Each structure stands twice: as C-alpha cells, then as structure tokens.
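What follows is one structure encoded as structure tokens, with my remarks underneath.
The values are calculated or read from the model by the stated rules, or taken from the named source; none is laboratory data. All values reported here derive from a predicted model rather than from experimental measurement. Here Cβ is always computed from backbone atoms with ideal geometry, including for glycine, and neighbour counts include all displayed protein chains. SASA here: full protein model, heavy atoms, side chains in, ligands and nucleic acids out. Shrake-Rupley method; radii C 1.70, N 1.55, O 1.52, S 1.80 Å.
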Amino acid sequence: MELNLTQVSKTYPNGVKALDNINLNIKAGMFGLLGPNGAGKSTLMRTIATLQEPDAGKLFLEDINILKNKMKLRQVLGYLPQQFGVYSKMSAEKLLYYFADLKGIASASEKKKMVAYALEVTNLTEVKHKHVAGYSGGMKQRFGIAQLLLNNPKLIIVDEPTAGLDPAERHRFLNVLREIGTNNIVILSTHIVDDVKELCTDMAILNGGKILSKMSPTTAVQNL
Ligand code: ADP
Ligand code: ADP
C-alpha cells in the first residue's frame with residue numbers, strides 16, 4: 001500500500017498559496033505530517049480525502065488515480081476532520097449502526113461485526129449505551145475513529161485529532177491510532193511534536209505550504 005503525491009499545489013482565491021509543489025511518498029504505517037497553524041495541513045488532508053481539488057498535481061493510492069476516481073478512493077478512505085462534532089442524543093452503538101447504513105454496509109451480520117469491532121478497538125464498548133453528546137472530548141475523538149473504521153479503510157486520515165485533549169485522553173487516543181496503523185496507511189496531521197515522536201514511523205514537516213524535510217521522526221524531533 002502506497003500513497004504518492006506529485007507536484008501538488010493549491011492557491012486560494014485570496015492569493016494564499018496553501019500548497020506549494022508537494023511531493024510525498026507514504027507507505028503503510030503511521031505517517032506524521034507536522035506543521036504550525038496555517039502551514040497547509042488541513043488543505044493537504046482535504047485534498048487527499050477528495051473534499052477539495054488542487055490546482056495542479058497528481059495523487060495516486062496504488063493504482064487509484066485519486067482526482068479521477070473520487071468514489072473509488074472514498075470506498076477505502078477513513079477521514080476524521082479537524083472539527084468532528086457529534087451532538088447526537090443517540091447512543092454510540094445506535095449511531096454507529098446509523099453510520100454503517102450511510103456507508104452502505106447492507107448485510108446485518110457484517111454491520112454487527114463492524115460495529116462491535118469499532119467499539120472494541122476504540123475502547124468504547126463499555127460506554128456504548130451512553131449518549132455521544134455526553135461523551136468527553138477524548139471519547140468523542142475515539143468515537144470519530146470508530147465511525148471511520150466501519151468500512152474497513154486502507155487509508156486513514158486524522159486532522160489535528162489531539163488538540164484540546166488532556167494528557168490521559170491523548171494517550172488513550174494515540175494508542176487507538178497505534179492499533180490501527182499496522183496494516184494501513186494512517187496520516188496524522190498535527191502541530192504537536194510529541195504526537196509524531198511517540199507514534200510515527202515516518203514523517204514530513206510542512207511550513208508555508210512547502211515540505212521542509214523528510215526524515216525519520218527520531219532524527220527530526222531531536223533537531224526541533
Ligand atoms: P486551521 O486550524 O486548519 O488553520 P483555519 O482556522 O485556518 O483552520 O480554517 C478554518 C476554516 O476556515 C476552514 O474551512 C478553512 O478552509 C477556512 N479558512 C481558513 N482561512 C481562510 C481564509 N483566509 N479565507 C477563507 N476561509 C478560510
Ligand atoms: P493548517 O491546517 O496547517 O492550519 P490550512 O490548510 O488550514 O493550514 O491553511 C493554510 C493557509 O491557507 C492558511 O494561511 C489559511 O488561512 C489559508 N486558507 C485555508 N483555507 C482557506 C480558504 N478556504 N480560503 C482562503 N484561504 C484559506
């Protein structure tokens with residue numbers, strides 16, 4: 001499994017060059033995209049997730065030409081946006097069944113299996129009957145991961161997921177990512193150096209829409 005970005009650029013109508021000739025090769029495992037606010041991280045994450053078009057460039061996941069096969073990409077994508085708000089008074093379990101329906105999982109046994117799996121991996125099984133609206137920030141973020149796991153994604157994108165979490169919740173959340181990052185590509189966008197240091201097998205630093213460096217997380221983080 002490999003994601004390849006070639007010369008990806010995006011300038012917003014106001015003239016802000018959010019992505020400036022991005023070249024990246026991302027393999028299975030945990031990939032950290034580290035950069036300060038305004039670096040272009042969300043723009044890049046939304047572009048890979050097919051929610052936004054670049055002005056130029058090519059994006060391939062294996063043989064899927066992402067810009068030409070949005071639906072094909074979405075079938076293997078799990079995306080947790082930066083502001084994933086869940087205000088539902090439904091229980092987590094009910095809501096996951098609802099998401100499974102939206103994702104087109106037709107078989108009842110498959111649905112049951114995937115909902116149970118998603119709750120288990122994210123450590124929410126014990127609180128599956130509670131209203132998601134009453135969840136803590138960390139539980140909501142883990143619920144965000146649970147919902148994206150339902151279609152068994154191969155490419156998982158999480159945009160600034162640990163912002164605002166307290167240390168204990170942050171650790172619980174990173175452990176969930178570690179669990180799902182073994183066979184899939186997981187891209188973690190963050191401005192928190194420690195997220196990358198603790199978790200990622202590969203990384204890049206983005207600043208002003210440009211990739212500043214590609215190195216191993218241990219080397220990079222020592223230099224920061
Ligand atoms: P981030 O925390 O990723 O930097 P922002 O606060 O920059 O997010 O952006 C929040 C939302 O506002 C996004 O949907 C983004 O596309 C939009 N946005 C950000 N900057 C501008 C801008 N200068 N003009 C218009 N929309 C913007
Ligand atoms: P990050 O996620 O690293 O904070 P963003 O991708 O949100 O970065 O933003 C990169 C730059 O593009 C910022 O300067 C931001 O203000 C600008 N920007 C983001 N979205 C928009 C938008 N919809 N319109 C105009 N400018 C935007």
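So, for region 60-118, what is the accessible surface per residue at a probe of 1.4 Å, expressed in square angstrom?
63
Name the most mobile residue of 93, 179, 169, meaning the one with the largest mean-square fluctuation, in a Gaussian network model of the chain with Cα contacts below 10 Å.
Checking each option, the largest mean-square fluctuation is seen for 179.
Rounded, prolate or oblate: which fits region 135-211, taking a ≥ b ≥ c as square roots of the Cα gyration tensor eigenvalues, rounded meaning a/c under 1.5, else prolate when a/b beats b/c? Show your work: numbers first, answer last.
Numbers: a/c = 1.69, a/b = 1.18, b/c = 1.43.
Note, shape of region 135-211 comes out oblate.
Just the accessible area per residue of region 162-208, please: how many Å² with a 1.4 Å probe?
Accessible surface, normalised per residue, equals 43 Å².
Ignoring ligands, DNA and RNA, please state the percent of accessible area on region 66-224 from carbon and sulfur, probe 1.4 Å.
Heavy-atom surface of region 66-224 belonging to carbon and sulfur, 1.4 Å probe: 52 percent.
Pick from 15, 29, 104: which residue has the top mean-square fluctuation in a GNM of the chain where Cα pairs under 10 Å get a spring?
Looking only at 15, 29, 104, the biggest GNM fluctuation is shown by 15.
Between the DSSP loop rule and a limit of at most 15 other Cβ atoms within 10 Å, which trypsin sites (Lys or Arg not before Pro) in region 58-87 are left?
Details: sites: 58, 68, 70, 72, 74; in loops: 68.
Passing both the DSSP loop test and the Cβ count: 68.
Mean Kyte-Doolittle of at least 0.0 plus a Cα span of 30 Å or more along the axis: flag which DSSP H helices in the chain meet both, please.
Both cut-offs are met by no helix.
Around residue 102, under 14 Å between beta carbons, what's the net of Lys plus Arg minus Asp minus Glu among the other residues?
Its environment carries a net charge of +3.
Show me the chymotrypsin sites (Phe, Trp or Tyr not before Pro) within region 84-120 that DSSP assigns to loop and that have at most 13 other Cβ atoms within 10 Å of their Cβ. Intermediate results must be reported in sequence, preceding the final value.
On the way: sites: 84, 87, 97, 98, 99, 117; in loops: 84, 87.
Passing both the DSSP loop test and the Cβ count: 87.
Between residue 83 and residue 210, what is the label-to-label distance in nm when each label sits 7 Å out along the Cα-to-Cβ direction?
Modelled inter-label distance: 3.1 nm.
Using a Gaussian network model of the chain with C-alpha springs under 10 Å, which one of 75, 141, 83 is most mobile by mean-square fluctuation?
Of 75, 141, 83, the Gaussian network model singles out 83 as fluctuating most.
Quick check on region 16-172: take the gyration tensor over C-alpha atoms, sort the square-rooted eigenvalues as a ≥ b ≥ c, and tell me if it's rounded (a/c under 1.5), prolate or oblate.
Cα axes put region 16-172 in the oblate bin.
Over 28 Å between C-alpha atoms is what I'm after, so list which of 89/111; 10/72; 154/197; 72/130 land there.
Over 28 Å Cα-Cα: 72/130.
Any idea what the dipole of region 21-73 comes to, in debye rounded to 20, about its Cα centre with Lys/Arg Cβ at +1 and Asp/Glu Cβ at -1?
In total the dipole reaches around 80 debye.
Using Cα centres only, tell me the gap between region 1-30 and region 100-164 in whole Å.
28
What value in Å³ per residue do you get for the convex hull of the alpha-carbon atoms in region 14-94? Spell out each step's value before the answer.
On the way: hull volume 12.9 nm³, N = 81.
Each residue corresponds to 160 Å³ of Cα convex hull volume.
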